[in-house]
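A quick write-up on the structure given underneath.
Every read-out reported here was derived from the displayed coordinates using simple, explicitly stated rules and does not represent laboratory data. This one's a predicted model, so the numbers in the text were calculated from it and none came from an experiment.
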Amino acid sequence: MAHASVASLTGTIESLLTSNSPMQSLSCDYREEICDLHKKISSLEIFLKNFEKNNVYGQITDLEVELKEVANIAEQTIQLRVTEVVLVNDEKTHERLSDTLQLVAEDIDRIWKVSTKIKDKGKQVSEGSLVQDFSSSINNILNVNSNTVGRDDQKERLLEHLTTSKVIPIVGMGGIGKTTLAKEVYSYESILGRFDVRAWAIVSQQHNIKEILLSLLQSTIKMDDTVKMKGSRILLTTRNDEVACYAGIENISLWMSFMDQDESWNLFKSAAFSSEALPYEFETVGKQIAYECHGLPLTIVVVAGLLKSKRAIKDWESVAKDVKSFFTNDPDERCSRVLGLSYNHLTSDLKTCLLHFGIFREDSEIPAKKLMRSWMAEGFLKLENDLLWNLWTFIVKGMRLSVITFPEEIWGLMQLRHLKLSRFYLPDCPSGSVDKGRHLDFSNIQTISYLSQRCCTKEVIMGIQNVKELGISDFASKCKTFPATIKNLKLERTLTSWSYLDIIAEFPNLEVLKLMDHACLGDEWHPIVRGFTRLKLLLIEKDNFLKHWNFPVLERLVLKKCHNLKEIPIEFAEIHTLQLIELTRCLPKLGDSAARIQQEQQDLGNNPVDVRISNPCPGRDGHPEPHRPKIPLLTSQPTSDIVCSRPKLARL
């Protein structure tokens, strides 16, 4: 296929132009030639896609053969010359690469001239030829196949046989409707009520008995009432008379016949017009086309599907003449030509994708994920921006990088829910629209971190107004507006003042606040009296600890590696929601504070807080403190906590 070769060559050229390519310096030396070549090849690729809709048989086939050969040779030669330059990098190798790029450009120019002539000729004859857009009607073809039209007598016979015989073969040529009839009977209401278990298996020429049995076992269920079973039945479809005679009783086999003229017309009409009213002028030519299909359902459905999107009487009259050429006396050849009709009307890229199915085993299940990855590796699928329209999660983990700047198109990912990187920049949310006045924003966003301080503008904040978890890095205190929906806020290296947190204290839904790596400057924080009314978790890391606080619904206090902190304020005993104090690698004096809080809660008649102490660090003189209170371990895990790491003040 020419399209596959051209797509591969395009990918090779694009790799030379990529900004982070290992051959970036090489592409700079020949950037003008490479860009010009890329433009020409891309034009040919577009021509292949578009010209399929007005294909002049024979000419495009010859052009495809030549284009495929040129593309393959060009790609191999370019890769060879580029490798030589990278390994040797002398004047001679550079001359070879330059000559190669020039020769490839000349070959592409020559093919482009031929394609232009064919394109012009195609425009002249397109109105009189069988021109169809099969890709737009393939879904309609598949939908028609789901139910049989006609075949009532054969359906009744088959249902009758299923109540008596053990094995019932359905015999007929390819495309005559054996599988369609079998599937309809398989799901028939009377069959569902009669048989407790149904299973469907495909047996190919190169079948695997183990896999067939496994596919049947997947449909097997436990039967509670096996005594009343009325016996098993096997419904078999085959083209081979001998297989039918061997498997069943000859006079019981159902031999599929061709459709009569009325059945053919009804099937054609339902496929071509579906629920639409049939225009009178199409009835005569439509019946002629249905007659020329000689009662073969596959042919009727394919031809009708191709004509479904055509409402010009000339197109239908042209098909009525051309459809006669599809038939021969050989049934297999006839079926092959009918399938070839639908294949020939696929676009070049779809033909390539379809032929790629050949790498998988016949009659086996093909994992969609594996197929998509294979197409992408071959360059059949272009990774354009619109492919990400349904993206939900964008997370990059690893080392901290420089600020990543997203383009304005990022706001088009309106299904995005989680956006997490070490640090990134968002442009202002576009004020324009892309879809009937609909404003672009992250209406479904749940998590964003870490947003750079440079983009904390009013426009950006309005675009993320539904966010629940927000992380900000390198924050400047000029931002006075935050989304009201925030439940989890993280500030890292923001160097803001403690007083600025008064704005954050009024967030109505804030439950988690994490101040990390010098988020705030100063050694005292005096929160507003009625602030942080729902705060349950506070994390302060690498910062100055505080003397005063007001967190009325805290549930968990966790202090880790607080080597300089000597006391927990006794006011914590007044927090009736406090359930746990956990101390890790802290001074023993903090254990004394925890014990006093526990005792104070008991005196107040409240349930005493649970305390957990692990790995206490030695006192300031290098020896453990002489007294360590006996504290009960945690008996239950609450849902929220305060976490403080490495405070610098010696005392609360």
Interchain or sequence-distant (5+) residues whose placed amide H lies within less than 5 Å of the amide H of Ile540 are Leu515, Val643, Cys644, Ser645
List the residues, sorted by chain then number, that are 5 or more residues from Ile613 or on another chain and whose placed amide H is less than 5 Å from its amide H.
Leu583
Each residue of segment 411-417 in turn: what ³J(HN,Hα) in whole Hz from Karplus with 6.51, -1.76, 1.60 and θ = phi - 60°, glycine and Pro shown as x?
6, x, 7, 6, 8, 4, 10
Expected unfolding gain across Glu91-Asp502 under the 0.36 nm per residue rule, minus the alpha-carbon gap, is 141.2 nm
If the chain between Ser187 and Ile313 were fully stretched, how many nm would it gain, using 0.36 nm times the residue separation less the Cα-Cα distance?
41.5 nm
